[in-house]
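Worksheet: one structure, shown below.
The values are calculated or read from the model by the stated rules, or taken from the named source; none is laboratory data. Treat the numbers as computed from the prediction; the structure is a model and nothing was measured. Please note that ligands, DNA and RNA were not included when accessible areas were found on the heavy atoms of the full protein model with its side chains. Shrake-Rupley method; radii C 1.70, N 1.55, O 1.52, S 1.80 Å.
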Amino acid sequence: MRTTTAALATALLIASLTACGSTDDTADARATSSESPTPAATTSSPEAAPEPPEPTVYDMGDSWEFEGTDDEGAEVLGAVTVVGYKQGISSVGSAAEESGTSGYVWAALELKTCSEQGSFWASVTPWTLSYEDGTRIDPSSTTYDDFPKPEYPFETKLTEGKCVRGKVVFPVPGDQRPETVVYAPESIDTPREWAVPSK
């Protein structure tokens with residue numbers, strides 16, 4: 001940028017000196033200029049690339065990074081990721097019995113939450129599955145020994161630099177798949193969503 005500015009200043013200085021010459025020289029310069037115009041020198045400072053808009057729905061594997069403050073006012077930075085979704089999990093327990101609806105099966109949602117700075121609580125409570133018709137399904141209220149491992153803890157406190165990763169099981173209608181996974185803790189105004197692949 002300094003080189004461009006110096007070159008432009010030199011060009012302007014030369015133009016000023018030329019303008020101080022004789023009238024004939026100025027007339028000749030104007031004639032030459034009108035016959036073959038020279039593009040004007042321009043300078044432009046590099047503009048910062050605009051921040052890409054935050055997606056309204058994330059893809060599986062994408063992380064939502066957040067920042068805030070804890071109860072004591074200390075800064076908190078973290079990230080939440082929906083790693084994957086699998087429907088049709090086998091178990092000794094019945095999803096139909098738990099839901100009270102025939103045709104329900106088990107599905108497992110794999111999650112990862114990390115603290116980059118500060119401490120905060122991670123829990124299964126803010127997570128639901130959302131369907132096209134507006135139905136929302138909460139995680140299973142029971143746990144069987146043969147549910148997929150590792151299990152995401154019901155509630156745990158993350159300290160700086162630590163992560164938690166595991167699976168949360170839901171009773172879901174076997175003939176449908178959710179549209180999105182919804183994360184809606186009380187601390188955020190706009191819930192975050194991840195798209196569930198059709199297969």
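Would you tell me the accessible area of residue 187, worked out with a 1.4 angstrom probe on the heavy atoms of the protein chains, in Å² to the nearest 10? Looks like 100 Å² after rounding.
Heavy-atom accessible area for residue 133, with the other protein chains in place and a 1.4 Å probe, reaches approximately 110 Å². Sequence-ordered 3J(HN,Hα) estimates for segment 178-189 from the Karplus curve with 6.51, -1.76 and 1.60 and θ = phi - 60° stand at x, 7, 9, 9, 10, 10, 9, x, 5, 7, 10, 7 Hz, glycine and proline given as x.
Given axes a ≥ b ≥ c from the Cα gyration tensor, I'd like to know whether segment 63-199 is rounded (a/c under 1.5), prolate (a/b larger than b/c) or oblate. Here segment 63-199 falls in the prolate category. Here the average projected area of the convex hull drawn through the C-alpha atoms of segment 84-126 stands at 4.4 nm². Straight-distance candidates among the lysines for linking to residue 149, with alpha-carbon spacing under 18 Å and chain neighbours fewer than 8 residues away dropped: 86, 112, 167. If you model segment 126-199 as an ellipsoid using its alpha carbon gyration tensor, with each semi-axis the square root of five times an eigenvalue, the axes come out at 22, 18, 11 Å, biggest first. Using the Karplus relation 6.51 cos²θ - 1.76 cosθ + 1.60 with θ = phi - 60°, the per-residue 3J(HN,Hα) values for segment 92-105 come to 5, x, 9, 5, 5, 5, 5, 7, x, 9, 5, x, 7, 10 Hz, with x marking Gly and Pro. Fully extending the segment from residue 189 to residue 65 would add 43.2 nm, taking 0.36 nm per residue of separation and subtracting the current Cα-Cα distance.
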